[in-house]
Amino acid sequence: MAGGGKVQAPRGTFDVLPDDGRRRARLRSLCEELFAQAGYGFIDTPIFEATELFARGVGETTDIVQKEMFTFEDQGGRSLTLRPEGTAGVCRAYLEHGMHKQPQPVKLWYWGPFFRHEAPQAGRYRQFNQVGIEAIGSDDPSLDAEVILLLYGLLESVGTKGVRLRLGSLGTPETRRAYSDELREYLRAREDQLSDEVRGRLDANPLRAFDSDHPGTQAVVKDAPKLLERLTQDDAAHFAEVRALLDDAGREYEVDAALVRGIDYYTRTVFEFTSDALGAQSGVGGGGRYDGLIEMLGGPQTPGVGFAAGIERILLVSEIEGEAPATDVYVVRDGGGATSASKVLAALREAGFNAQMEQAGRSVKGQFKQADRLGARAVVVVAQDRLSVRDMGSGDQRDVPDFAEALKVLEEVLA
Ligand code: AMP
């Protein structure tokens, strides 16, 4: 179709412009440093996966799978989905590449775009980015603590304000099933006070009542029996050890019996970091243990634990600064074609300078203005029969016989 108004980006998406891009690059290199130090290797999995991966892994009854996935059919009639979260894909890759045969645990980190069809608002988008880590192949509580402490450390190192950590445990699937039955009965007896949504999900997933912001539902769940009170001895001991390790590390947290994250694969530890500096969308990152997930994907029983944090939300509440590369030298073209100026430019870059040249047809005066705007500390003027170097600080300009001499003068000026 021809004509019409300006084409715009889809709702709930955003463009990353260079200032923002520099902050992201800085955040990413901090992540890389932090995670490499703890032995996590980088992994990148496809942005689209078989829909079945999320239906099985995330859970058929979750908001994500029921309402939020961008799902489409490819030309071969296969159902594909733009990944709404990272753990299922990483576990699929772990299995597909036989990483269960490597020494365990396998520690991985990722960074990239994710997609959820949610109502857009500040801090909530339909395409957003997450950074996450997964430690797969061991159920040692020190890994739960490590994952939590790494996210704590990351948020601290980027100066995130007003951070709170909530911690809970969901026990094993068997415990959860028994508890779900108990909770369902409790909620059913008070059905008239629940929201339509929670009532509609009572059969499939009564735990979701804890996530509801419906006042009637909240009042009912406040006095409901809690999963934390029903943990087996093993699970309770595991949870106690995770807490002890966080205590040893001097990190504060609140145990929250109502913390049920909206994904089915979690077992035992779950946690969420929030920031008061964010508005309604206060979640900065969260995660937990998923000891049954790899089995759900068709693999051997393999424990794992990880976190995912929203990059946009971290940037909203952190003081992280990007580093803008300064322009050292600007090449002014005073008559003549682009050839010799381009050669000078290439040689300057080769010599290690951040260099730019005139590429928009300005007058010589306009070119000096542009050099100023870019903050260039020196200018090389390339004229038809002459080469000169100007110190933009002092205004001194010197003719030089050749490029080698120009370099010498530049070294002095930029020293
Ligand atoms: P979740 O897997 O839902 O716990 O998401 C982990 C983190 O990703 C959240 O704490 C947010 O920081 C971020 N996040 C999740 N959904 C969105 C979204 N729609 N837009 C922006 N960030 C999001």
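The values are calculated or read from the model by the stated rules, or taken from the named source; none is laboratory data. The model shown is predicted, which means the values in this text are computed figures rather than measured ones. Here Cβ is always computed from backbone atoms with ideal geometry, including for glycine, and neighbour counts include all displayed protein chains.
Things worth noting here:
- Top-ranked residue in the range 12-26 [being aliphatic (A, V, I, L, M) and away from the ligand (no atom under 16 Å from the Cβ); ranked as nearest to the chain's Cα centre (by Cα)]: Ala25
- Scanning the range 91-139 for residues that are acidic (Asp, Glu) and within 27 Å of Arg24 (Cα to Cα) returns Glu118, Glu134.
- Just one residue in the set Leu183, Leu259, Leu207 is within 16 Å of the ligand (Cβ to nearest atom), crowded, with 20+ Cβ neighbours inside 10 Å and not assigned by TED's automatic domain parsing to the domain that holds Val163; that residue is Leu207.
- Positions within the range 26-54 being under 30 Å from Pro325 (Cα atoms) and of a type in the set (Val, Ile, Thr), in sequence order: Ile43
- Given (1) of a type in the set (Ser, Thr, Tyr); (2) surrounded by fewer than 19 Cβ atoms within 10 Å (Cβ to Cβ); (3) under 17 Å from the mean Cα position of the chain (by Cα), index of the condition Tyr152 fails: (2)
- Within the range 37-51, considering residues that are without any contact (Cβ under 8 Å) to a residue 40 or more places away in the chain and surrounded by 13 or more Cβ atoms within 10 Å (Cβ to Cβ), the one farthest from the ligand (Cβ to nearest atom): Ala50
- Any hit, the range 81-88, residues being in a helix (DSSP H, G or I), on the phi < 0 side of the Ramachandran plot and within 14 Å of the ligand (Cβ to nearest atom): yes
- Within the range 56-92, considering residues that are small (Gly, Ala, Ser) and surrounded by 18 or more Cβ atoms within 10 Å (Cβ to Cβ), the one nearest to Gly286 (Cα to Cα): Gly86
- The range 266-302: number of residues that are more than 9 Å from the ligand (Cβ to nearest atom) and closer than 21 Å to Val242 by Cα: 13
- With respect to the conditions (1) more than 16 Å from the chain's Cα centre (by Cα); (2) exposed (fewer than 13 other Cβ atoms within 10 Å of the Cβ); (3) free of Cβ contacts under 8 Å to residues at least 40 places away in the same chain, Ser29 falls short on a single one, namely (1).
- Enumeration of residues in the range 370-386 that are farther than 25 Å from Ala324 by Cβ and surrounded by fewer than 18 Cβ atoms within 10 Å (Cβ to Cβ): Ala383, Gln384, Asp385, Arg386
- Restricting the range 335-358 to residues that are in a loop (DSSP other than H, G, I, E, B) and free of Cβ contacts under 8 Å to residues at least 12 places away in the same chain, the residue that is nearest to Val413 (Cα to Cα) is Gly352.
- Filter result for Arg124 (surrounded by fewer than 22 Cβ atoms within 10 Å (Cβ to Cβ) and away from the ligand (no atom under 16 Å from the Cβ)): no
- Residue check, Gly310 in the same structural domain as Gly137 (by TED's automatic domain parsing) and either in contact with a helix residue (DSSP H, G or I) (Cβ under 7 Å, 6 or more places away or on another chain) or of a type in the set (Phe, Trp, Tyr) (or both): no
- Positions within the range 134-164 being out of contact with any Lys or Arg (no Cβ under 7 Å at 6 or more places or on another chain) and either within 12 Å of the ligand (Cβ to nearest atom) or among the hydrophobic types (A, V, I, L, M, F, W, C) (or both), in sequence order: Ile136, Leu143, Ala145, Val147, Ile148, Leu150, Leu151, Leu154, Leu155, Val158, Thr160, Val163
- In the set Arg176, Arg166, only one residue is within 25 Å of Leu245 (Cα to Cα) and not in a helix (DSSP H, G or I); that residue is Arg166.
- Any pair with Cβ under 8 angstrom, 6 or more apart, that starts in the range 371-394 at a residue that is at positive phi and ends at one that is assigned to a loop (DSSP other than H, G, I, E, B) and exposed (fewer than 12 other Cβ atoms within 10 Å of the Cβ): Gly375/Ala326
- Within the range 276-290, tally of residues that are at pLDDT 95 or above and not aromatic (Phe, Trp, Tyr): 6
- Residues (closer than 14 Å to Asp264 by Cβ, free of Cβ contacts under 8 Å to residues at least 40 places away in the same chain and more than 22 Å from the chain's Cα centre (by Cα)) located in the range 61-84: Gln66
- Counted residues, the range 91-122 - those being within 19 Å of the chain's Cα centre (by Cα), in a loop (DSSP other than H, G, I, E, B) and aliphatic (A, V, I, L, M): 1
- Inside the range 303-319, residues that are farther than 30 Å from Glu96 by Cα and away from the ligand (no atom under 15 Å from the Cβ) make up a count of 1.
- Hits in the range 123-140 - residues which are outside any strand (DSSP E or B), in contact (Cβ under 8 Å) with a residue 40 or more places away in the chain and not small (Gly, Ala, Ser): Tyr125, Arg126, Asp139
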